[in-house]
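The values are calculated or read from the model by the stated rules, or taken from the named source; none is laboratory data. A quick note: this is a predicted structure, and the numbers were derived from the prediction, not measured. We place every Cβ from the backbone using ideal geometry, glycine too, and count neighbours over all the protein chains shown. For accessibility, only protein heavy atoms count, side chains too; no ligands or nucleic acids. Shrake-Rupley method; radii C 1.70, N 1.55, O 1.52, S 1.80 Å.
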Amino acid sequence: MVKSGKLRSGTSQKIKRWKKGHSSDSNPETSRYRKAARSRYFSRPLEKSDLTVDALKLHNELQDQALTEKTSGTFLSGLSDCSNLTFRKVQRYWESNSAAHKEICAVLAAVTEVIRSQGGMETETEYFAALMTTLEAVDSSESLAAVAYLLNLVMKRLPAAVLKKKFSDTAKAFMDVMTNQVNSDYSSCLRWIISCLATLLRKQDLSVWSYPSTLQLYHGLLSFTVHSKPKVRKAAQQGVCSVLRYSDFVFSDNAPVYHPAAAATAKFCCKELEQSGGSKEDTTTLHVIGLLKDLLSAFPLSSVKSCCETLLRLMTLSHVLVTANAMQAFHKLFSSKPSPASMSAELNAQIITALYDYVPSENDLQPLLAWLAVMEKAHVHLSSLQSSLSISHLPRLFSVTMSCLLSPHTQVVSTATQTLKTLLNECVAPLTIVSISIVEEGLSYRFHASWPFVLQILGCFYRAAGRQAHPIMIKSLQSLGDLRATPQFPFSGELDLAVGGAVESMGPEVVLKAVPLLITGTDDDLEFPRSWLIPVIRDHVKNTQLAYFTSYFFPLANNLKQTGDELEQSGQKLMAKVYQTLQMQIWTMLPGFCTKPTDLLASFKGIARSLGMALNDRPDLRLCICQALRTLINKSCDTEEEKAELKRFSKNFLPILFNVYNQQPKPGEMVSARMAVLDTIRVYLSITEQEMVCTFLQKASERLNSADNSEFTRLAVIDLIVAMAPFVDEASMTQTFSFKVASIQKKAYRVIEEICGGESASCKAFVLQNLEELKTMLIDSLTTAASSSKRPRLKCLIHIVKQLNEEHRGFITALLPEVILCTKEMSIGARKNAYSLLVEIGNAFVRFYAINEYLGHVYIGLTGSVTMITCAVLALTRLVFHYKGKSDFCYVSSLELLLQNVCLLLSSRTRDIVKASLGFLKVLLFSLDVKVLASHITVIMEGIINMNDMRRHFRSKLKSIYTKMIRKFGVELVKSMLPADQHKVLVNIRKTEARNKRRKLVIGVLLYLSLCSIEDILAETDSDSDEDEKPRKGQKKPVRKGQAWLKEGISDEPLNFLDPKAAQRVLATNPNLKKASKAEHGFKVTSDGRLIIKEEDDEDDDNTKDAEMDDILEEAGVKTVSVYVFQICHKN
């Protein structure tokens, strides 16, 4: 015996060895295994071969003749160069080791050669004819399967006229093959022939189905739906479904209501169920029910009725699997929403009534969930068919579902709640009076454990029917108010949401009549027990009457304000603060009341004067009032009449808002309120008449030129001019543009920015008419532009460049140096606008078909000063990132030159240049495809290698670049291109990656172990102890499907099998199985029982990926450094 690890004597000289690391330098000289595999591509036949000397001689002669005509052919030429797209999938099989795949390739190659030898065009019709001929000629099951598979592919793309013409011959051939192969152990042939037969039947006309031969053929297909072999059975069931549902004539103009063979199919299914339904071990019942799941909705009404009756009779057997599958069939029937021709309202109601005899026990979790799902779909469909008939059925389901809220299983309670909410939303409108009493019963104490779910149902009830049936819901609202007043009520959040639903649908007036606020401003209960209603109304009020706020809440807020002032004067500052807070909370309701009010035309004029006075006199209310005005204009002006009503008061509100904005804030006042006023001015100007805006602009211009203005006033007036500029006519814009405000250059650019970026017709006309003047002004002010005005100036240029054509190429080129230098501005906004303008200029040159010229202008910056070089590299980085994947940029001939220049800059001794160049390489590695990068990898690596002492300052960036290159090209390539003194970085990267991989693996194992708690072990132990017979060692444990348990009577009471509810005693869950105590697994659980798992490693990976992406975006100029630093600090 040879020792382990050593070779036999004499063999060491026969083996050729390579030096370590050089095994891939050249291909081996010997190829013994390749030759062996090539020689045995097709295995030799086991039976006696017909190959003789004469046959071989004839073969050689024919082969020589073929080579003289076509010398490049091989034995699989018909497969490799097959031009028919139908066989694209087959062309991938020639490398497979499967014998079936090899047979398919061989048949396709032979058929293709036959078609070509006869001058064919390789169409689907030619392949169909050749394959049908081959089907009759071959005998072996493997060849038949290969031919059938190819026929299945061809027939799906074959013209329907061919299949109609050759229907009889094709059907006879298929039936002969099916008859011969029905008892064969090789099921693949039968599977594909069945699929071909289904395709053939699906393409026939409606008239063909009137022939008995067609129905006989279909019954042959139908008989295989209960075949013992799964693949054959599945193919037959799919074929039957495709014939009944997707035949060509079903989609024609004169299509019948249902397929002619639908009734025969239903009769077949009922017959099979009746024959096999009595035996619990027969799987045919389950197979037929599985077929019915897909076909029930395609049957006629009488057939659906007979099938449902058969399913209900099977459910009386209390076989767990049969009952579960029957429930699935009913669920799919109702979910598909069948037409009245298949499911009438009367039949729907009869099925609902019958299903009440099969209500599972409350301890049987899965069957009960399935029953609830079926009943939900059944009632929703019944409501869509005949809502009046559903009135008599919903109350019973409400009662049964409400009793499910008492179940100890959280999943049952959650599903019952969802069922009730669905019924309330879909079909509760006509049943409110009957159903509300049943839902209100859930507020009784026996449901206290399920009160959160009951409150959800009530909230859904209010939203669904509160607008129409609010008088009968007053009692439930009063009950909720009493519950909310209970000390330490644990479900106050759910109750507030339920009352919020009532506020949304009924309106605050109805809710406050049922549950009064109990706040008047005088002689109030100082506990304010109903003050919780104020935030509820604030968060949910909408689509209600604005007049109610004017008549009730506005006087109440004034009373509270007056009482608070009196208390503060009397020295009771604490109580005064309480009243002031309450009146402020009432004012916060105003934006909600202004959200799509129903009486805007009649009520706004009654509150407009009060709002104007409050804007002037109450600085603390300006935020609420401004928000309310913006909400009215942006969300509530659905009609022109409503817009005109708000426009009518613009002459009143705008002067007030102008004056408020011009007032300098007092110490302690919020600056945000002033910004809210400016936003409200902009919104109100959008609906104001243009003439009025021009008048306001004229007055603002006059005030700006006044000599007695303070600096604050002048800045405020310019802000107002900026806001009004896009909404005036062209003449006023020209006058505004002529202003020369040298001391506030930034504000002047803001005015031009608003005009150039305006969407109105007057703004666009002004830009087009004054384009030359704008260009001249922007070019002349290039040298005098202050740093603080760069952001609005660049924004102006962005708007202008978007509208330029090829005639203005010189103007764009003149702007380019300034834009490039602005990428290093101190202002974040200026840098952001500079990068955006670079992209817009690039888009303009793309429109000019001159992207290479644009890059040439940017390349010039690489020859300038240090700052210019840095800015040019930053500009190129942004352009590479923006145009990644676009052929106009990424595949231009100058990419190689660009890389050489940037890599040359890596040897610079200026840190900013090296930093920008490394950022360019990082973005390039991220943006470009591996195939594009592969041709430039040498240039990149040479540039990195030639770096001088700057390497130590950018270790982190270099490590990031190496990591990306390793991920794209592999560690061996990168290592071979780096000098030996830099291999330590690669070792560190490899260790880091391995460490992260190990951490993921360890955390995955720990997570799995934490989930496999003691509960599973105890459950397995209990189940093992209940078995009478234990399997011997080495013997597999028998799997008992469809197990059921019988629950005995209470207190030794005998079980009455004549009781209609006796079926509820048959359980799918072992009632004697002890429920293990919950293990502490350390994870949070949601209300429906789902685990909330947060992996620290996943969070670290997400943070790492986010950090890498933010790093790329920062290098490309998409994100600024300040934002990036803030995000990283926030994550840490």
Exercise. How far, in nm, would the chain grow between Asp357 and Ile1003 when pulled straight, counting 0.36 nm per residue and subtracting the alpha carbon separation?
Worked result: 227.6 nm
For this session: Would you mind computing Rg(Cα) / (2.2 N^0.38 Å) for the stretch 495-546, counting N as its residues?
Result: 1.14
Exercise. For the stretch 315-450, what does the equivalent ellipsoid look like in terms of its semi-axes, each the square root of 5 times an eigenvalue of the Cα gyration tensor, given largest first in whole Å?
Worked result: 23, 21, 11
Exercise. Hey, with R₀ at 35 Å, roughly what FRET efficiency would Gln698 and Glu759 work out to, going by the Cβ-Cβ distance, to 0.05?
Worked result: 0.95
Exercise. Quick one: if you stick a label point 7 Å off each Cα along the C-beta vector at Gln664 and Leu518, how many nm between them?
Worked result: 5.0 nm
Problem set entry | Proportion of all alpha-carbon pairs of the stretch 566-629 beyond 20 Å (%) | 38 percent
For this session: Starting from the Cα of Ser976, step 7 Å along the direction of its Cβ; do the same at Ser302; then give the gap between the two resulting points in nm.
Result: 8.0 nm
For this session: Please work out how much length the chain gains when fully extended from Glu441 to Thr598, using 0.36 nm per residue of separation minus the C-alpha to C-alpha distance, in nm with one decimal.
Result: 53.1 nm
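Using mean Cβ contacts within 10 Å as the protection proxy, how do 495-507, 974-986 order, highest first? Kindly include the intermediate steps, with their values, before the conclusion.
Values: 495-507: 22.8, 974-986: 13.5.
So the order, starting with the most tightly packed, is 495-507, 974-986.
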Exercise. What is the ratio of the Cα radius of gyration of the stretch 506-630 to 2.2 N^0.38 Å, where N is its residue count, to two decimals?
Worked result: 1.05
Exercise. Classify the stretch 174-290: rounded, prolate or oblate, from the alpha-carbon gyration tensor (a ≥ b ≥ c, eigenvalue square roots; a/c under 1.5 rounded; otherwise prolate if a/b is larger than b/c)?
Worked result: oblate
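Take the solvent-accessible surface of the protein heavy atoms, probe 1.4 Å, and return the percent of it on the stretch 596-739 that carbon and sulfur atoms account for.
Using a 1.4 Å probe with all protein chains present, the stretch 596-739 comes out at 51 percent carbon and sulfur.
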Seminar exercise, completed: A correct Kirkwood calculation over the Cα atoms of the stretch 666-720 returns a hydrodynamic radius in Å of 12.7 Å
Problem set entry | Global form of the stretch 788-933, assessed from the alpha-carbon gyration tensor, a/c cut-off 1.5 | oblate
For this session: Find how many whole Å separate the alpha carbon centroid of the stretch 499-567 from the alpha carbon centroid of the stretch 357-421.
Result: 38 Å
Problem set entry | Mean accessible surface per residue for the stretch 152-306, computed with a 1.4 Å probe while every protein chain stays in place, in Å² | 46 Å²
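Given a 1.4 angstrom probe, I'd like the percentage of the accessible area of the stretch 241-369 that is carbon and sulfur, rounded to a whole number.
The nonpolar share, carbon plus sulfur, comes to 53 percent.
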For this session: Take the alpha-carbon centre of the stretch 910-986, take the same for the stretch 318-356, and report the distance between them in whole Å.
Result: 66 Å
For this session: Over the stretch 610-754, give the accessible area per residue in Å² for a 1.4 Å probe, as an integer.
Result: 47 Å²
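Mind giving me the FRET efficiency for Asp139 and Asp248? R0 is 35 Å, r the Cβ-Cβ distance, nearest 0.05 is fine.
0.55
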Problem set entry | Residue-normalised accessible area of the stretch 323-388, given per residue in Å² at a 1.4 Å probe | 36 Å²
Problem set entry | FRET efficiency for Asp638 and Glu772, using Cβ-Cβ distance with R0 set to 60 Å, rounded to 0.05 | 0.90
For this session: Could you look at the stretch 496-561 and say what percent of its accessible area is carbon and sulfur, using a 1.4 Å probe and all protein chains?
Result: 50 percent
For this session: With a point put 7 Å past each Cα toward its Cβ, work out how far Asn652 is from Ser339 in nm, to one decimal.
Result: 6.0 nm
